[in-house]
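One structure is given here, and the rest of the page talks about it.
The values are calculated or read from the model by the stated rules, or taken from the named source; none is laboratory data. Note that the structure is a prediction, hence the values are computed from the model and not measured. Because the Cβ atoms are built from the backbone with ideal geometry, glycine has one as well, and the counts that use them run over all protein chains shown.
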Amino acid sequence: MVIALLANLGIAVAKLIAAVLTRSSAMLAEVFHSSADTGNQLLLLLANRRAGRPPEPGYPIGHGREAYFWALIASLGMFFTGALLSIGEGISQLLHPTEVGSLAVAYAVLGVSLCLDGLSLLRAYGQLRREAATLDRDFLEHLDVTSDPVGRAVFAEDAVSVVGNVLAAAGIALHQLTGSAVPDAVAALLIGLSLGVVAIELARRNRDFLIGREAAPATRARVAELIARQAGVARVGELLVMYVGPRRLWVLANVDLDRGLDSTAVDRVVGQVASTVHTELPAVVRVDVVPHAAPCPGPG
């Protein structure tokens, strides 16, 4: 991610130079875009570092959800720094048109940026696709439900970066062909709108995990199955399987145990339940089992 951060910073500087030389609104919108991406990379690095801290007094399930907090801040930064400024620049170009120049510089910078962003997008796609295959999901489903805010954000940012480069190049080319500033302005507006849509969607996803999103039904069913098959377990009652960080789950289960078990046997069953869930599902970082005696059967 550090390499991606430095690459984004270099691209932002190159686009800034090109924007000054060309006076293109689409290119300036891409400056805002790349600057927002650079800031986001810093925040996502912070998210990874902070979320990796172990449990401690006052934080019994660790700091995993900090990843969603910093990823939420990054998505808001993309919206305000990238989307709104780009839209504002597009409106300004419509109201006060300017001629563009130094087009060779613009095309060269956008071409290099497109190649770098495309390679980064392919790498992010490959990583998410491998994760999806491991979890027996298709790619789009995994992108939608993955608990990793960094992987989702990197893929989304790379995708919208590729789109932004194409839009900027098209706007400048149409400006050059028609002599009208409108295509350049429209490109800036479209770049801002695409950033806004992606930023709002990322913010929504991070909000869901931050306030406590349940695991997918298939994961909950797997946990229930593992608990139910343990000797001494009569029935699995209320079951909560919550995300407490990227790829980190907390299981809270109310379990009815066979009647007649003494305290030693109850402790053994509870320990076996926790051990089995941890072993079969490494993403589970904590298992809390609340045992109850199974109710007496009703009159037959």
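Across segment 196-214, the number of residues qualifying as touching a Phe, Trp or Tyr at 6+ places or on another chain (Cβ under 7 Å) and over 14 Å from residue 152 (Cβ atoms) comes to 1.
Whether any residue in segment 227-237 is within 29 Å of residue 205 (Cα to Cα) and of a type in the set (D, E, K, R) is what I want to check. The answer is no, given that none of the residues of segment 227-237 is within 29 Å of residue 205 (Cα to Cα) and of a type in the set (D, E, K, R). Looking across segment 170-182, the residues that are crowded, with 22+ Cβ neighbours inside 10 Å and of a type outside the set (Val, Ile, Thr) come down to 171, 175. Of the residues screened, residue 100 is one that is buried (at least 19 other Cβ atoms within 10 Å of the Cβ) and either of a type in the set (Phe, Trp, Tyr) or touching a His at 6+ places or on another chain (Cβ under 8 Å) (or both). Count of segment 70-99 residues, restricted to those that are among the polar types (S, T, N, Q) and outside any helix (DSSP H, G or I), is 1. For residue 194, the conditions (1) touching a Gly at 6+ places or on another chain (Cβ under 9 Å); (2) farther than 30 Å from residue 27 by Cα; (3) of a type outside the set (A, V, I, L, M) are fulfilled apart from (2). For segment 100-152, a tally of residues being aliphatic (A, V, I, L, M), in a helix (DSSP H, G or I) and under 30 Å from residue 173 (Cα atoms) returns 14.
The residues listed here are 82, 77; of these, the one that is over 16 Å from residue 117 (Cβ atoms) and not hydrophobic (A, V, I, L, M, F, W, C) is 77.
Residue pairs whose Cβ atoms lie under 8 Å apart, sitting 6 or more positions apart in sequence or on different chains, and linking a residue in segment 228-253 that is outside the structural domain of residue 51 (by TED's automatic domain parsing) and crowded, with 16+ Cβ neighbours inside 10 Å to a partner that is part of a strand (DSSP E or B) and of a type in the set (Lys, Arg), are 244/286; 250/286; 251/286.
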